[in-house]
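The values are calculated or read from the model by the stated rules, or taken from the named source; none is laboratory data. Note that this is a predicted model, so its numbers are computed, not measured. For neighbour counting, all protein chains shown are included, and Cβ atoms are generated from backbone atoms with ideal geometry for every residue, glycine included.
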């Protein structure tokens, strides 16, 4: 049996089985099942309110579904406490939310360095690596800028840099290019896909943008909380 935080390379990085979740009386996800393999790029599409973000948050272990099972890196999250979930995610999973969700008290470089600091890296090394990732994401000028002074697109660039700095095995991104122009969005998506291809990581992108979805290996389309269609794109 594999230990917590150590994934078997032969295992899927993520398995959702018959997931259902509701917010009060509104059912957001109805019986969603999917499996994501190492190195796979998956697009999750569908209209607003169809359950895309809920599926992503369940996959990240941030939401406990009301029914169904979640296996992350070969480990069941059913019954796992918050600390165990955090240990399983740390260093192996990254999450980019739609509006960046940066720590407001920290500068750009400190936001990017934070995952490394939490993982025990020294501050000098963490800052050096963070500056390098900010540059790769076209955000080097934001190193000493706080999130309140950033545009939406700038915050997304910093959030992507933060998501890549740990070389995760599973990257989850909710509309990661939504606040960027077409050229900036394409550049950032190229970087994320390139890193996934290079490292063999899986990437799940929630998107409304057909041009973003077309870059994936597989597309799952949700409608009213259910998988309406699935297509292999390559």
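What residue, of 132, 184, 178, is surrounded by fewer than 19 Cβ atoms within 10 Å (Cβ to Cβ) and assigned to a loop (DSSP other than H, G, I, E, B)?
On the way: 132 fails: assigned to a loop (DSSP other than H, G, I, E, B); 184 fails: assigned to a loop (DSSP other than H, G, I, E, B).
After ruling out the rest, the residue left standing is 178.
Can you confirm whether residue 85 is more than 30 Å from residue 229 (Cβ to Cβ), surrounded by 19 or more Cβ atoms within 10 Å (Cβ to Cβ) and either touching a strand residue (DSSP E or B) at 6+ places or on another chain (Cβ under 8 Å) or at pLDDT below 90 (or both)?
Details: more than 30 Å from residue 229 (Cβ to Cβ): yes; surrounded by 19 or more Cβ atoms within 10 Å (Cβ to Cβ): yes; either touching a strand residue (DSSP E or B) at 6+ places or on another chain (Cβ under 8 Å) or at pLDDT below 90 (or both): yes.
So residue 85 fits the description; yes.
Residues that are in contact (Cβ under 8 Å) with a residue 12 or more places away in the chain, in contact with a helix residue (DSSP H, G or I) (Cβ under 8 Å, 6 or more places away or on another chain) and under 25 Å from residue 190 (Cβ atoms): does the stretch 83-90 have at least one?
Checking the stretch 83-90: not a single residue is in contact (Cβ under 8 Å) with a residue 12 or more places away in the chain, in contact with a helix residue (DSSP H, G or I) (Cβ under 8 Å, 6 or more places away or on another chain) and under 25 Å from residue 190 (Cβ atoms).
Could you tell me how many of the residues in the stretch 138-168 are touching a strand residue (DSSP E or B) at 6+ places or on another chain (Cβ under 7 Å) and assigned to a loop (DSSP other than H, G, I, E, B)?
Number satisfying all stated conditions: 2.
Can you confirm whether the stretch 141-154 contains a residue that is modelled with pLDDT under 95, surrounded by fewer than 18 Cβ atoms within 10 Å (Cβ to Cβ) and within 16 Å of the chain's Cα centre (by Cα)?
no
Residues being buried (at least 22 other Cβ atoms within 10 Å of the Cβ), in contact with a helix residue (DSSP H, G or I) (Cβ under 9 Å, 6 or more places away or on another chain) and assigned to a loop (DSSP other than H, G, I, E, B): count how many of those fall in the stretch 15-59.
1
Pull out all pairs, ordered by first then second residue, where Cβ-Cβ is under 6 Å, the residues are six or more apart or on different chains, the first lies in the stretch 133-146 and is in contact (Cβ under 8 Å) with a residue 24 or more places away in the chain, and the second is buried (at least 16 other Cβ atoms within 10 Å of the Cβ) and not in a helix (DSSP H, G or I).
Listed by first residue and then by second, the contacts come to 133/165; 134/143; 144/107; 146/107.
To keep it simple, each residue is scored yes or no on (1) without any contact (Cβ under 8 Å) to a residue 12 or more places away in the chain; (2) buried (at least 18 other Cβ atoms within 10 Å of the Cβ); (3) within 15 Å of residue 147 (Cβ to Cβ).
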residue	(1), (2), (3)
95	no, yes, no
101	no, no, yes
106	no, no, yes
118	no, no, no
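When you look at residue 45, is it within 21 Å of residue 217 (Cα to Cα) and either modelled with pLDDT of 90 or more or under 19 Å from the mean Cα position of the chain (by Cα) (or both), yes or no? Reasoning before the result, please.
On the way: within 21 Å of residue 217 (Cα to Cα): yes; either modelled with pLDDT of 90 or more or under 19 Å from the mean Cα position of the chain (by Cα) (or both): yes.
Here the answer is yes, as residue 45 does meet what is asked.
Kindly establish whether residue 163 is on the phi > 0 side of the Ramachandran plot and under 13 Å from the mean Cα position of the chain (by Cα).
Criteria not met by residue 163.
Could you say which residue among 234, 205 is surrounded by 22 or more Cβ atoms within 10 Å (Cβ to Cβ), in contact with a strand residue (DSSP E or B) (Cβ under 9 Å, 6 or more places away or on another chain) and either modelled with pLDDT under 90 or closer than 16 Å to residue 164 by Cα (or both)?
Step by step, each of 234, 205 is checked, and only 205 is surrounded by 22 or more Cβ atoms within 10 Å (Cβ to Cβ), in contact with a strand residue (DSSP E or B) (Cβ under 9 Å, 6 or more places away or on another chain) and either modelled with pLDDT under 90 or closer than 16 Å to residue 164 by Cα (or both).
Within the bounds of the stretch 192-214, is there any residue that is under 17 Å from the mean Cα position of the chain (by Cα), touching a residue at least 12 places away in the same chain (Cβ under 8 Å), within 13 Å of residue 52 (Cβ to Cβ) and part of a helix (DSSP H, G or I)?
Within the stretch 192-214, one or more residues are under 17 Å from the mean Cα position of the chain (by Cα), touching a residue at least 12 places away in the same chain (Cβ under 8 Å), within 13 Å of residue 52 (Cβ to Cβ) and part of a helix (DSSP H, G or I).
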